[in-house]
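See structure below.
The values are calculated or read from the model by the stated rules, or taken from the named source; none is laboratory data. In this text, all values refer to a predicted model and were calculated from it rather than measured experimentally. Cβ atoms come from the backbone with ideal geometry, glycine included; neighbour counts cover every protein chain shown.
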Amino acid sequence: MSVMLASFMVLLLPSLADSSVHNRTNIQQNPPKPKLNSQLTFQIIFHAFLLWASIGFLMPVGVLVIRMSNTVKCGKKLKALYYSHVILQITAVILALAAVILSIIHFENSFSNTHQRIGLALYVLIVIQPLVGFFRPQRGVKFRRMWYFVHWFLGNGVCIVGITNIYIGLHAYHARTSKNMALYAETRSDSGR
């Protein structure tokens with residue numbers, strides 16, 4: 001687990017450290033914003049929708065579904081909740097895979113920005129998480145407690161980091177296109193309300 005966290009930090013930290021330098025350079029040079037054609041714009045929006053549906057909706061719902069199983073005593077309901085969790089998470093992984101394939105085929109993947117770096121690390125974790133879930137030890141085995149923590153930590157971490165990366169991606173899209181993102185995310189603070 002510490003290896004995965006270290007890999008994530010290696011991918012993320014250089015972009016955070018360099019971002020202030022790039023921002024100062026961009027402000028000083030003020031380069032023109034690249035024009036996007038309608039097909040690329042559609043692909044970016046579709047990529048965002050797939051990842052929102054996957055990481056922003058299905059994965060958190062899957063987490064909530066399995067959390068509900070703690071209060072259920074009936075074996076049939078437990079089984080239904082477990083399989084609902086599995087189906088939701090597999091669907092989410094498939095949608096995330098489709099979004100990754102879309103980005104590999106159609107987008108520039110230089111990993112020069114925070115959104116791309118987090119996305120790469122996140123996808124590695126999205127692939128690892130179901131594998132951890134698949135190798136679930138039986139109840140009563142000593143290793144089960146450690147497995148549970150790793151699976152819980154990865155699952156919640158993927159949801160939190162993924163939702164954060166959705167907003168980072170929205171801001172990157174806004175920076176590239178100057179389109180208003182108010183429909184997708186509140187970007188200003190309304191302290192008067």
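Check whether at least one residue in the stretch 100-110 is touching a residue at least 60 places away in the same chain (Cβ under 8 Å), under 21 Å from L36 (Cα atoms), among the hydroxyl-bearing types (S, T, Y) and surrounded by fewer than 16 Cβ atoms within 10 Å (Cβ to Cβ), and report yes or no. Spell out how you get there, then give the answer.
So in the stretch 100-110, the residues touching a residue at least 60 places away in the same chain (Cβ under 8 Å) come out as 106-107.
Still in the running and under 21 Å from L36 (Cα atoms): 106-107.
If we keep only those that are among the hydroxyl-bearing types (S, T, Y) as well, we get none.
No; the residues of the stretch 100-110 include none that is touching a residue at least 60 places away in the same chain (Cβ under 8 Å), under 21 Å from L36 (Cα atoms), among the hydroxyl-bearing types (S, T, Y) and surrounded by fewer than 16 Cβ atoms within 10 Å (Cβ to Cβ).
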Checklist entry - Residues in the stretch 149-172: is at least one modelled with pLDDT under 80, of a type outside the set (A, V, I, L, M, F, W, C) and either closer than 19 Å to H115 by Cα or buried (at least 16 other Cβ atoms within 10 Å of the Cβ) (or both)? => result no
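Among the residues of the stretch 105-119, which ones are at pLDDT 85 or above and more than 11 Å from N165 (Cα to Cα)? Reasoning before the result, please.
Our first condition is that a residue be at pLDDT 85 or above; within the stretch 105-119, this holds for 105, 114-119.
Residue satisfying the conditions is I105 alone.
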Item to check | The one condition in (1) modelled with pLDDT under 85; (2) surrounded by 17 or more Cβ atoms within 10 Å (Cβ to Cβ); (3) more than 18 Å from the chain's Cα centre (by Cα) that F8 fails to fulfil | outcome: (3)
Next on the checklist: Step by step: first the residues of the stretch 55-70, then only those that are at pLDDT 85 or above and not aliphatic (A, V, I, L, M), then the one that is farthest from the chain's Cα centre (by Cα). Which residue is that?
Outcome noted: R67
Item to check | Unmet criterion (only one of (1) surrounded by 13 or more Cβ atoms within 10 Å (Cβ to Cβ); (2) out of contact with any Ser or Thr (no Cβ under 8 Å at 6 or more places or on another chain); (3) at pLDDT 85 or above) for P137 | outcome: (3)
Next on the checklist: Cβ contacts < 9 Å: first residue in contact (Cβ under 8 Å) with a residue 12 or more places away in the chain, restricted to the stretch 74-92; second residue among the hydroxyl-bearing types (S, T, Y), any location; separation 6+ or different chain. Result?
Outcome noted: L81/S69; Y82/S69; H85/S69; T91/S54; A92/S54
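For the stretch 77-118, name all the residues that are of a type in the set (K, R) and over 14 Å from the mean Cα position of the chain (by Cα). Reasoning before the result, please.
Within the stretch 77-118, the subset of a type in the set (K, R) is 77, 79, 117.
Within the stretch 77-118, K77, K79 qualify.
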